[in-house]
Amino acid sequence: MPHDPPAQPDGPSVMWFRTDLRLADNPALAVAAERPLVALYVLDDGANGARPLGGAARWWLARSLRALAAALAAQGVPLILRRGAAAEAVPAVLRETGAGLLAFNPGETPIDRAAEGAVTAAVAKSLPHVAVSHGVRRSALIHDPASVGGRVFTPFWKHIRAAFVPPPPLPAPDRLAGAAAVRSDALNDWELEPTAPDWAGGLDESWAPGEAGAAKRLADFLDGGLTGYATLRDRPDLDHVSRLSPHLRFGEITPAQLWHAARAAMASGRATSLDVEKFLTELGWREFSYNLLNQRPLLAEANIQPRFDAFPWRQDEASLAAWQRGLTGYPIVDAGMRQLWQTGWMHNRVRMVVASFLVKHLLQDWRAGEAWFWDTLVDADPASNPASWQWVAGCGADAAPYFRIFNPVLQGEKFDPHGDYVRRWVPELTDLPNAVLHRPWTAPPGVLSAAGVTLGESYPAPLVDHAHARARALAAFQTIKAKA
Ligand code: FAD
């Protein structure tokens, strides 16, 4: 057994990377980089009580860790991988490396904070010579959920906008020096990526996980999509959203970096204040979701409005499966669900439409949809996913009223007016004329056959009739409406 080095207050630093897989604008790394550095990532895989990552997010994590390891290796710093409870793995690496400093950015979820509390307590107890640093400020959020509350978005965001201007992002450390490496797990042994079957081909084609990929995505967005964002961000057929969500989710880029880049684009005349303000407001919804999660640690499990505990959800595995596979017979819903399955991402407008369809048209518990998104989204987020599902379901904070039921045909016709989005993801409908593309069951038989569509065979007939489903949902809501 090799002996651990003796305790050295001046020993190297261990940077415990978490959901901050980047070198730039990383406050804890800026401190850690002042000493020879050991970089550490711990896969807790549920060991801290956190929800295990879904399949698509595991794929992203593997790619992101590889990108981080390459960026660190270029400067001679090893990325050490360990698995298990952080309260055991982190002190073990501190001991093995003779470290005198532990640096990490504070987490923004109750579970992450519990894990770091356990780490800090273990270090204080068994390695009292090790200093602990969080860097000079928070970086995962713009605001501090401990100092701001609220369950209504507009006043919340007004307050944040007035009270918090994110400081300019920190550059990546000029120079890193690697300390002696210790044992690391092999990333492949963690089996984060699918092999049999390897379903990740569509993810590979769609994404470049890692800090460099995030920076490139932002640059492309500033060059194109941001112009017109305020008016066109609801159009899934166009390219006017940033698609930065998975990069933000894994901390490959920070909200402060986005904030300052967008404001700079405005200052230089490349973007209008309307577009930039709208973009910042969407970042505000992310802040709001984290704020809610901090008020409601069980956000993915418990209705924020308790009267929904009595909601008469239907148990119907067959219709849940049809929704998951994009076979509901409503083209905009099916296009979204297939985009999700193939690329791990779905446009926000379509997320709202498919979520509403599951909860209201199919009367399925929002938690079933939230769980499917958790498994299939590359940006599956512990705050934004459950907060958005509760918002759509009507049981959340500041939620869309339950009785406002999206009509999936009208949503399709309004937001995918030329049918480009549906044709891309539901190719069996390509030859239908626009007039019936979002409602194929209304097409005369001759039009269907000319387009090669046989309802019930080449494409499903609608799983439910809209008017019937709407009436059924409203009746179900009546049963809980009177409750406080
Ligand atoms: P942009 O329009 O470019 O917005 C920039 C950033 O702002 C996003 O990357 C995201 O971080 C944030 N943002 C934008 N809209 C929202 C929003 N409504 N709520 C919270 N943050 C927002 N977002 C996730 O990041 N992870 C999730 O797991 C997630 N689940 C969702 C589930 C449902 C049912 C719904 C309706 C929305 C969900 N969202 C989720 C929010 C939103 O759909 C995505 O953030 C957005 O589509 C990501 O695309 P983008 O990066 O191009 O967004």
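Is it the case that region 144-157 has a residue that's farther than 28 Å from LEU274 by Cβ, among the aliphatic types (A, V, I, L, M) and at pLDDT 95 or above?
No, region 144-157 contains no residue that is farther than 28 Å from LEU274 by Cβ, among the aliphatic types (A, V, I, L, M) and at pLDDT 95 or above.
Would you mention how many residues in region 371-381 are more than 7 Å from the ligand (Cβ to nearest atom), surrounded by fewer than 24 Cβ atoms within 10 Å (Cβ to Cβ) and touching a residue at least 12 places away in the same chain (Cβ under 8 Å)?
4
Of all residues being assigned to a loop (DSSP other than H, G, I, E, B) and at pLDDT 95 or above in region 192-225, which is farthest from the ligand (Cβ to nearest atom)? Just the residue, please.
Per the criteria, the residue is LEU192.
Would you check if PHE279 is in a helix (DSSP H, G or I) and free of Cβ contacts under 8 Å to residues at least 60 places away in the same chain?
Yes: the conditions hold for PHE279.
So for region 447-458 (the condition being assigned to a loop (DSSP other than H, G, I, E, B) and among the hydroxyl-bearing types (Ser, Thr, Tyr)), does at least one residue qualify?
yes
Yes/no per residue for (1) within 22 Å of PRO382 (Cα to Cα); (2) buried (at least 18 other Cβ atoms within 10 Å of the Cβ); (3) more than 11 Å from the ligand (Cβ to nearest atom); (4) modelled with pLDDT of 95 or more:
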site: GLN257; (1), (2), (3), (4): yes, yes, yes, yes
site: ALA262; (1), (2), (3), (4): no, yes, no, yes
site: SER268; (1), (2), (3), (4): no, no, yes, no
site: ALA271; (1), (2), (3), (4): no, yes, yes, no
site: LEU283; (1), (2), (3), (4): yes, yes, no, yes
site: PRO297; (1), (2), (3), (4): yes, no, yes, yes
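Residue by residue through region 184-215, note down the ones that are closer than 14 Å to LEU377 by Cα and either of a type in the set (Phe, Trp, Tyr) or without any contact (Cβ under 8 Å) to a residue 24 or more places away in the chain (or both).
Those that are closer than 14 Å to LEU377 by Cα and either of a type in the set (Phe, Trp, Tyr) or without any contact (Cβ under 8 Å) to a residue 24 or more places away in the chain (or both): TRP199, ASP204, TRP207.
In the list ARG175, ARG66, ARG151, ARG82, which residue meets the criterion of being in the same structural domain as THR19 (by the TED database) and surrounded by fewer than 19 Cβ atoms within 10 Å (Cβ to Cβ)? Spell out how you get there, then give the answer.
Values: ARG175 fails: in the same structural domain as THR19 (by the TED database); ARG151 fails: in the same structural domain as THR19 (by the TED database); ARG82 fails: surrounded by fewer than 19 Cβ atoms within 10 Å (Cβ to Cβ).
Answer to the selection: ARG66.
Count, please, the residues in region 93-124 that happen to be within 26 Å of the chain's Cα centre (by Cα), among the hydrophobic types (A, V, I, L, M, F, W, C) and under 19 Å from VAL136 (Cβ atoms).
So the answer is 2.
Within region 314-330, track down each residue that is on the phi < 0 side of the Ramachandran plot and touching a Leu at 6+ places or on another chain (Cβ under 6 Å).
Result: ARG314, SER319, ALA322, TRP323, THR328.
Name the residue, out of ARG263, ARG175, that is part of a loop (DSSP other than H, G, I, E, B) and either over 20 Å from the mean Cα position of the chain (by Cα) or in contact (Cβ under 8 Å) with a residue 40 or more places away in the chain (or both).
Testing whether each residue is part of a loop (DSSP other than H, G, I, E, B) and either over 20 Å from the mean Cα position of the chain (by Cα) or in contact (Cβ under 8 Å) with a residue 40 or more places away in the chain (or both) leaves just ARG175.
The values are calculated or read from the model by the stated rules, or taken from the named source; none is laboratory data. Source: prediction; values computed, not measured. No Cβ is skipped: glycine too gets one built from the backbone with ideal geometry, and neighbour counts run over all protein chains shown.
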